[in-house]
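Visitor: Pasting a structure below so you can have a look.
The values are calculated or read from the model by the stated rules, or taken from the named source; none is laboratory data. Since the structure is predicted, the reported quantities are computational estimates derived from the model, not experimental observations. Backbone-built Cβ (ideal geometry, glycine too); neighbour counts: all protein chains shown. Heads up: the accessible areas ignore ligands, DNA and RNA and are worked out on the full protein's heavy atoms, side chains in. Shrake-Rupley method; radii C 1.70, N 1.55, O 1.52, S 1.80 Å.
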Amino acid sequence: MRGPIAPPQVPLAASRAELFADLVQDSVERLERRWPQLADVDFLVLEVPRLDGNAAGRTGTGWGDESVPLGGTVAARDGRPARVVVYRRPVEIRTKGRDERALLVHEVVVEQVAEVLGLTPETVDPRYGED
């Protein structure tokens, strides 16, 4: 048999990066119901953080002995909106399946949104840390 196993509209045809981006979008949509101001925040998925440590608001000369970050933020400035970044590969490496990945993605998004809003993660999502 030649050709694709499934048509493009079926999830089997989606790449891992697309599936991951969908998890981030689901989490953002969940939070936007409670925090409408998140519509003004850009949410990005990047493969990995930069090695120089300057990705998503982090400054320094490198990661050193620190663990690789799962996400980060960039504050709003010069007319640009705040950004929340989720790093796909570090999250994927720490999870085994889709459900576990979805939970970790949501935790990362909640933590980064909390930083942008100047709140605690528990205030952003009262169910934070329960899973």
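Visitor: Go through (1) surrounded by 19 or more Cβ atoms within 10 Å (Cβ to Cβ); (2) modelled with pLDDT under 95; (3) not aliphatic (A, V, I, L, M) one by one and return the number of the condition Pro8 breaks.
Guide: Unmet for Pro8, out of (1) surrounded by 19 or more Cβ atoms within 10 Å (Cβ to Cβ); (2) modelled with pLDDT under 95; (3) not aliphatic (A, V, I, L, M): (1).
Table: residues versus (1) among the aromatic types (Phe, Trp, Tyr); (2) within 15 Å of the chain's Cα centre (by Cα); (3) surrounded by 21 or more Cβ atoms within 10 Å (Cβ to Cβ).
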residue	(1), (2), (3)
Thr73	no, yes, no
Tyr87	yes, yes, yes
Gly97	no, no, no
Glu100	no, yes, no
Glu107	no, yes, no
Val110	no, yes, yes
Glu115	no, yes, no
Pro121	no, yes, no
Glu130	no, no, no
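Visitor: Keeping to the range 75-91, report how many residues are closer than 12 Å to Leu23 by Cα and either modelled with pLDDT under 95 or assigned to a helix (DSSP H, G or I) (or both).
Guide: Residues in the range 75-91 being closer than 12 Å to Leu23 by Cα and either modelled with pLDDT under 95 or assigned to a helix (DSSP H, G or I) (or both): 2 in total.
Visitor: Looking at the range 20-40 only, could you name the residues that are free of Cβ contacts under 8 Å to residues at least 40 places away in the same chain and more than 13 Å from the chain's Cα centre (by Cα)?
Guide: Passing the criteria: Glu32, Arg33, Pro36, Ala39.
Visitor: Also, quick follow-up: I'd like to check something: does the range 32-44 contain any residue that is open to solvent by less than 70 Å² (accessible area, probe 1.4 Å), within 30 Å of Ala14 (Cα to Cα), in contact with a Pro (Cβ under 7 Å, 6 or more places away or on another chain) and modelled with pLDDT of 95 or more?
Guide: Step one: filter the range 32-44 for residues open to solvent by less than 70 Å² (accessible area, probe 1.4 Å), giving 32, 35, 38, 41-44.
Among the residues that remain, those that are also within 30 Å of Ala14 (Cα to Cα) are: 32, 35, 38, 41-44.
Applying the additional criterion that residues be in contact with a Pro (Cβ under 7 Å, 6 or more places away or on another chain) yields 41-42.
This time we only want the ones that are modelled with pLDDT of 95 or more, so: 41-42.
So far as the range 32-44 goes, yes, one or more of its residues are open to solvent by less than 70 Å² (accessible area, probe 1.4 Å), within 30 Å of Ala14 (Cα to Cα), in contact with a Pro (Cβ under 7 Å, 6 or more places away or on another chain) and modelled with pLDDT of 95 or more.
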